[in-house]
Each structure stands twice: as C-alpha cells, then as structure tokens.
Amino acid sequence: MRLAFAAGLATASLAGCAKPSQPAATPKDLVTDFTDQLGALTARSSMYAKHLPSGKTVEIRADQPMNTLSVIKIPIMIQAFRDAEAGRLKLTDRYQIRPEDLRRGSGLIQTFDVGLAPSYRDLVEQMIITSDNTATDILIKTVGRERVNEMLAQFGYQVTRLNWRTADLFKAVWVAADSANLSMTDRQVFERGFPSGSNSGPDLGFKIEGDSTLWLGVTTAREMSRMLEDILNAKFASKESSDQMVGMLRRQFYSSRLPRMLQFRAPVEVAHKTGDWPPFAGNDVGILFYQGGPTVVSVFTGQSTGDFFELESTIGRIAERLTKDWK
C-alpha cells in the first residue's frame, strides 16, 4: 500500500505540472521520407516500389543502373524454370559436384565433400535461399549466360543483364591485386580465397564494387521490381512454376534488410533476394505480402562508406512503412 500510495502522489504531482501536449507531427509523404532516408546514407542508392492493387509507386533514381550483385540470380532462376517447362532441363536430374565447381563467398555447397549430387531443383533453391555461388555458376553453365540475356531482351528488359559468373568476379579481384594472376584457374581461385597484402583490402574492394565493367550483373530498381511483378503474374512461366519461384524467394535465409522490421509481425511475409558486398553494397528486392498488398519493392545501394548496420536498417524501415501506408 505504501508503494502504491507514493506512486499515486508522484503521478499526481507530475500531472499537475505537465506541459500541454503538442500535436503529433504530420508524417512525411513516402517519397520525401524515403528520399531523406536514402540521402542520409553515404552511398549511391535507388529504389522503386509499386502497390499492385492500386498501381501507386515510389520512384527514387529508379532508372539508374546499379550493381546487382546476387540479385542477378533471379533471372537465372527464371531461365531454369523456363528450360524445365520446355523439356530442355529436368529439375529432378542430379549434378555431381566436382572440385573445379566450388566457389567461395555465400552458400553451403562449398562446405561439403566433393561428390555431392544435388538435383537441379536443389541447385536453384540454394542459389536463391542461401545465395550459393557454387550452385549459381553450375546453373549459368547449364542454362547459358547469353540465353539468360536473350530472355531478358525478349521480355523487354533494356538494362538488366548477367555479365559474369561468380568465378569471373572473384578472379577479377585477384587480377586487380596483381595482373600476374590472370592465368589462375577456377580451382586456384577457390583454393586461394581472396587476396591479402598491400595491394588488397578495403580500398580494392571498394574500387571493384564501383567499377561497372566488373559488376556481376546490371539492373535498375524499376526493372527488378517489374521482374518480381512478372514472376507473380506468371509472365515468364506457368502458374505452377511461378508459384515455385515465389516459394523459393519466400524461403530466403537472409532477413536483415526488407524483412528486418517485419519478420515477427504476422501476417506479413516477404519473398525476396539479397545482393551483397559488405560493407560497400547491400541490395534487397522483394514482394511484400500483407493485408492490403502485395507490394513489390527494390532497393539498391553501392559505394557505401558509412555504417552498414544503418544501411540495412534503412531498407527495413522502408519496407515497414510501405506495409503501413499502402493498404
């Protein structure tokens, strides 16, 4: 009783001297808010979001070419499903992993003994949900880089293109450190990892990430959001195949960007694909499923010199506000 009484006196005292409440600030409109948030990052950035039921959009440098990093794995997935429907590829067939197939960076296949024999469906899944680079290069070899780009051109994508295998990008890092590394094989690149020493380090990574001739792929925020919408609407493949692709995007392992503020807030779900070169670049593109949605959104960043945690948080806040405002 004594504690409760004392608390009551304290509450009454504070209430008596409280300042009049101030009206809540009017929230910024989405374009202003997102422009300010992206502008606060010390990075190149772009975004495009579209609320599919209403057609409302937010566009911030949406047609600026950006480094896809692993986001380019989405059209590789599309081509694999198209080939499966055409009878060119059986997703249930198995591929035996060889020593020369292994790639560093993201993904788990590199951690298993050589000789693992995943199905092609497994390879596509790992390319998307763990961004597996070994699976990615096997699939590029299987479906063909030029055929991926021909498909993109066929569907009217003017900017988005797949430029390299991941092995080519990793080798480019070695060559940038020392031109004598030009003769390195894929296996040697894997065994040696990434260069260290006076000619490597953060400055080299920053330089390569910013060099558009060395980008794994190129796209724009507008085109990548359109690609997600086209998958959802079964423009590339049958409804069954399209649903499988969306399912893979829903099972994405990495949740520190678009799902950051949403992952524990049912019933919001995010089907998405990241692209990474921390701390210089962090992308995320996805479909936000929620009551009143869905919304497609693509956020790209590059040449970052700031806090990478804040970069990821910014992308998370953008997704959170979209689900609140667009219903």
- Once the piece of chain linking residue 310 and residue 147 is laid out straight, how much longer is it, given 0.36 nm per residue of separation minus the C-alpha distance between them? 54.9 nm
- Message: Cut-off 10 angstrom, C-alpha nodes, Gaussian network model of the chain. Which of 29, 93, 230 fluctuates the most?
- Response: 29
- With x for Gly and Pro, the residue-by-residue ³J(HN,Hα) of the range 247-259, computed from phi through the Karplus equation 6.51 cos²θ - 1.76 cosθ + 1.60 at θ = phi - 60° and given in whole Hz, is x, 5, 5, 5, 8, 3, 6, 8, 10, 8, 10, 3, x
- Here the FRET efficiency for residue 57 versus residue 155, based on Cβ atoms and R0 = 25 Å and rounded to 0.05, is 0.80
- Note on the structure: GNM of the chain, Cα pairs under 10 angstrom: of 100, 312, 229, the biggest fluctuation goes to 100
- Between residue 240 and residue 324, with labels modelled 7 Å along Cα→Cβ, what's the label distance in nm to one decimal, could you check? 4.3 nm
- Using alpha-carbon coordinates, inclination of helix 221-232 to the longest axis of the chain, degrees: 80 degrees
- Over the chain: helical MRE at 222 nm, DSSP H runs n ≥ 4 each giving -39500 (n - 2.57), nearest 500: -13000 deg cm²/dmol
- Based on the mean of other beta carbon atoms within 10 Å per residue, what is the order of 214-227, 37-50, most packed first? 214-227, 37-50
- Along the range 293-309, Karplus-curve 3J(HN,Hα) (6.51, -1.76, 1.60; θ = phi - 60°) to the nearest Hz, with x for Gly and Pro, reads x, x, 10, 9, 8, 10, 10, 10, 9, x, 6, 6, 10, x, 6, 5, 4
- For the chain, the spread of Cα positions along each principal axis, largest first, Å: 79, 52, 43
- Using a Gaussian network model of the chain with C-alpha springs under 10 Å, which one of 108, 258, 162 is most mobile by mean-square fluctuation? 108
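Every read-out reported here was derived from the displayed coordinates using simple, explicitly stated rules and does not represent laboratory data. All of these numbers come straight from a predicted model, not from anything done at the bench. When we count neighbours, we look across all protein chains shown, and the Cβ atoms used for this are built from the backbone with ideal geometry, even at glycine.
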